[in-house]
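The values are calculated or read from the model by the stated rules, or taken from the named source; none is laboratory data. All values reported here derive from a predicted model rather than from experimental measurement. Positions of Cβ are generated from backbone atoms using ideal geometry, with glycine treated the same way; all protein chains shown enter the neighbour counts.
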Amino acid sequence: METPTNMTIKGILGILMASIDEDKKRRLISLGMGDPTAFSCFTTTDIAQDAVVQTLQSRKFNGYSPTVGLPQTRKAISEYLSTSLPYKLSSDDVYITAGCTQAIEVAISILARPNANILVPKPGFPIYELCAAFRNVEIRHFNLLPDRGWEVDLDSVDALIDHNTVGIVIINPGNPCGNVYSYQHLKKIAETAKRHKILIVADEVYGHLAFGDNPFVPMGVFGSMVPVLTLGSLSKRWIVPGWRLGWFVTSDPKGIFKNTKNIERLKKYFDICGGPATFIQAAVPCILENTEEVFFTRTLGILKQSSDLCFKKIKEIPCLTCPQKPQGAMSVMVKLNVSLLKDISDDVEFCFKLAKEESVILLPGLTVGLKNWVRITFAAEPSSLEEALDRVKSFSERHSHQQKVHIELS
Amino acid sequence: MGESMEKQEWGFKENHELHAAAAFTIRHILQAIIENIDEPQTGKSVIHLGHGDPSAFPLFRTPTVVEDALIASIRSAHFNCYPPGVGIAPARSAVAKYLSRDLPNKLTTDDVFLTAGANHAIEIILTVLARPGANILFPRPNYPIYEARARFSPLEVRHYDLIPDKGWEVDLDGVKALANDKTVAIVLINPGNPCGNVFTFEHMKKIAETARQLGILVIADEVYAHQVFGEKPFIPMGVFGDIAPVVTLGSLSKRWVVPGWRFGWIAITDPIGILQQTGIVDSLTSCLAITADPPTVIQGAVPSIIENTSDSFFSNINKLLKEAADILYEGLKEIPLVACPHKPEGSMFAMVKLNIPGFDDVVDDTDFCMKLAKEESLIVFPGDAAGLKNWVRVSFAAEPEVLKDAIRRMKAFCLRHAKHY
């Protein structure tokens, strides 16, 4: 089965959905996308909803906003991010984007120049590849090491960088792997970037969604060592990906990147792009200030519970191996052992047949850069997650070489 | 400490293309003009006629039923999810039906792609058409975002004239002379920005036939669709979609007076399917995957917004615009050194010619705008950025008293700066 190389996650999932057998009475369970809004246990806080209704009803925000974003929004986000940093960001460091996806597009576009290359992780997030292709920026993949908690293979990074390298993308908390890097590891990455004089694009769309041993440390903490472009959004932490409210932030206290020329370019780029809705921007200060800790704790609790459940259920499925228990974000990478399966040759075939036979959607690892792996989004209602993984188990038993049922030895 | 920070050592450098591209965007220019305002000195409140955004004026408020639809969408919590890059089906379908009301060939859901406002639609269509060696035909004068966007792409831009003495009609002979086998498209803005003109049926048919002869597609920027108040009705270019393929850009922003909501579309009228065959539709989809989206909550409200907005709201807005255009046009007649050759009959703008030689110390349109802002706290937009030097673009989307005040201030300015013999 051929998968086009420029496929997006939504694209692949669309094709998988289309192959669902609608005659089957079983309900569809999709663990394919990092969008937990499909599950009723994941809802945003009323604070956020009320804030947006209020700004809409005020009728003050139906007009154009400045293209870099409303000043109060920029200020609120700079303060929010600064609480986790050893220095203060200014509002001028913050640019409001239509979701983190647009922040990625801005980052790639602003760094693009003839012959430029950018380092992205493998496995990673395919929007980087797609944006780079549009901007004629060469992509170079560095490895994440499954046996070391998906840490960055810094040796591979050293080997890839040349004088045309403009930056390195670090996704932490990790998508697709569910890793959360330690302070020490982030520091090593920063030191490597500094040594090679390249900046870091820190994709922190899952910022603060860490429920394991390592706390979330923003890469901006090392902003004095190496310039960091921090990307983030409301989408994951507030469970509102549909609101399209993100940010592109220059975490660069020494001003290495944010000189006058680069800032001018950035502002002018925003002048020619589509952007986020004004009234949603206007609600951000209230959302950031008033969301209660209990909302965040609750979300983390559900994520921890479901990630534990996911990890446990995967252990029961012989053809799937999870090298690293998820520590954060919303998904986990799981290795597929095709040699144990009698009529399935790769991850794509596995996912298509699974969709058709069991009405369960998982994402083929090829989409995120690792063939014969599978990405499972555990940010789901625990009961749905359990049912889905039970179906995966019976599917894999049905397709295994041995017809024996796996007996768990305790 | 003491680290050397020479820029050339770091692995990122300027993207010169980007720098050149966005040098003349509306926001950039207006920002420079606004910075010139000295409110304490003039003692006057700012009158901003530099952009088409009347949402701040109570008379132009969007109807309650529209806000209610959006509130319902938000509160339902059904639209907090990611939208597909092309938009959610109910919204695409609602826009398709809405546009089809005025088209002989009905649009399907798949013909409509949702964007974050019409500026985003421009971003997308120019991105997908761009390839090295290709050229595109833009009007002069033009809406400046096209220029900025095109510069940030391999597209070569060629300008055809809109003729002021012929109601800003397209110079079709000029178009034919400019086009070659590398031309991909012609952009038409109707109702016109910046000129405030409306094309006739016959003229649009001729344009479509010309496009067909040249083998190019028509990009019909219809952001001001239906906002006509003169003698000419609004006719969508899609009506001629069987003559040449038409890509229509539109949005809620102007007709519903909610530019801040950022909801627009690209609609394709291409019965022969040329755009599908040449891979343009696939490119559109890819491009939409990596760029902005209109919020899903807004998409969720669109069917209801389109269905429940009364015609009386639209006709009332057009009535306000007509009255405003009259005030502006008649008022300009009383002002020395400025002339509006064609009374606006649509959109929210008029192009006004400056008699620079008649001024004592105003050297060009930019100087005019800067000084006007400084001395009178009145903002208008320099025509040079739209492609016509020594003209200015004036918005009339404002309440009557504000416009009358603007006229008074401009008159005082012109009298003050006129050469005295």
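Only a single criterion out of (1) at pLDDT 95 or above; (2) out of contact with any Ser or Thr (no Cβ under 7 Å at 6 or more places or on another chain); (3) facing chain B (nearest Cβ under 8 Å) is not satisfied by A:T250, namely (3). Cβ-Cβ distances below 8 Å connect the following pairs, each with a first residue in segment B:40-68 that is in contact (Cβ under 8 Å) with a residue 40 or more places away in the chain and in a helix (DSSP H, G or I), a second residue that is exposed (fewer than 15 other Cβ atoms within 10 Å of the Cβ) and not hydroxyl-bearing (S, T, Y), and a separation of six or more residues or different chains: B:V65/B:N308; B:V66/B:N308. Against the condition out of contact with any Pro (no Cβ under 7 Å at 6 or more places or on another chain) and within 14 Å of chain B (Cβ to nearest Cβ), how does A:T44 come out, does it pass? So A:T44 passes the test. Within segment B:210-226, is even one residue within 14 Å of chain A (Cβ to nearest Cβ) and either within 30 Å of B:E323 (Cα to Cα) or over 22 Å from the mean Cα position of the chain (by Cα) (or both)? Looking for residues that are within 14 Å of chain A (Cβ to nearest Cβ) and either within 30 Å of B:E323 (Cα to Cα) or over 22 Å from the mean Cα position of the chain (by Cα) (or both), one finds at least one in segment B:210-226, hence yes.
For first residues located in segment A:25-36 and more than 14 Å from chain B (Cβ to nearest Cβ), partners that are among the polar types (S, T, N, Q) and lie 6+ apart or on another chain with Cβ distances below 8 Å form the pairs A:R26/A:S359; A:R27/A:S359; A:L28/A:S359; A:I29/A:S359; A:I29/A:S384; A:L31/A:T377. Number of residues in segment A:109-128 that are at the interface with chain B (Cβ under 10 Å from one of its Cβ atoms) and not polar (S, T, N, Q): the value is 10.
The residue that is farthest from the other protein chains (Cβ to nearest Cβ), counting only those in segment A:92-105 that are buried (at least 24 other Cβ atoms within 10 Å of the Cβ) and assigned to a helix (DSSP H, G or I), is A:D93.
Among helices (runs of 4 or more DSSP H) entirely within segment B:97-197, having at least 2 residues that are among the aliphatic types (A, V, I, L, M) and more than 14 Å from chain A (Cβ to nearest Cβ) singles out B:172-178. For segment B:172-211, a tally of residues being of a type in the set (F, W, Y) and surrounded by fewer than 22 Cβ atoms within 10 Å (Cβ to Cβ) returns 1. The set of residues in segment A:125-158 being over 16 Å from A:L199 (Cβ atoms), hydrophobic (A, V, I, L, M, F, W, C) and either assigned by TED's automatic domain parsing to the domain that holds A:I12 or in a helix (DSSP H, G or I) (or both) consists of A:I127, A:L130, A:C131, A:A133, A:F134, A:L154. A:Y87 meets all of the listed conditions (1) touching a strand residue (DSSP E or B) at 6+ places or on another chain (Cβ under 9 Å); (2) within 13 Å of another protein chain (Cβ to nearest Cβ); (3) exposed (fewer than 15 other Cβ atoms within 10 Å of the Cβ) but one, namely (2). At least 2 residues being away from chain A (no Cβ under 14 Å) and polar (S, T, N, Q) is the threshold, and among the helices (runs of 4 or more DSSP H) wholly inside segment B:258-344 those reaching it are B:274-277, B:296-308, B:311-333. Among the residues of segment A:322-341, is any surrounded by fewer than 24 Cβ atoms within 10 Å (Cβ to Cβ), closer than 21 Å to A:L209 by Cα and over 18 Å from the mean Cα position of the chain (by Cα)? Looking through segment A:322-341, at least one residue is surrounded by fewer than 24 Cβ atoms within 10 Å (Cβ to Cβ), closer than 21 Å to A:L209 by Cα and over 18 Å from the mean Cα position of the chain (by Cα). The residue of segment B:217-257 that is nearest to B:M204 (Cα to Cα), among those that are among the polar types (S, T, N, Q) and part of a strand (DSSP E or B), is B:T248. Restricting segment A:47-66 to residues that are in a loop (DSSP other than H, G, I, E, B) and facing another protein chain (nearest Cβ under 9 Å), the residue that is surrounded by the fewest Cβ atoms within 10 Å (Cβ to Cβ) is A:K60. Scanning segment B:70-80 for residues that are surrounded by fewer than 20 Cβ atoms within 10 Å (Cβ to Cβ) and either in contact (Cβ under 8 Å) with a residue 12 or more places away in the chain or more than 10 Å from chain A (Cβ to nearest Cβ) (or both) yields B:A72, B:S76, B:H78. Going through A:I280, A:I263 one at a time, which residue ends up being at pLDDT below 95, closer than 29 Å to B:L30 by Cα and within 12 Å of another protein chain (Cβ to nearest Cβ)? Sole residue among the options that is at pLDDT below 95, closer than 29 Å to B:L30 by Cα and within 12 Å of another protein chain (Cβ to nearest Cβ): A:I263. Looking only at segment A:230-247, residues that are away from every other protein chain (no Cβ under 12 Å) and among the charged types (D, E, K, R) come to 1 in all.
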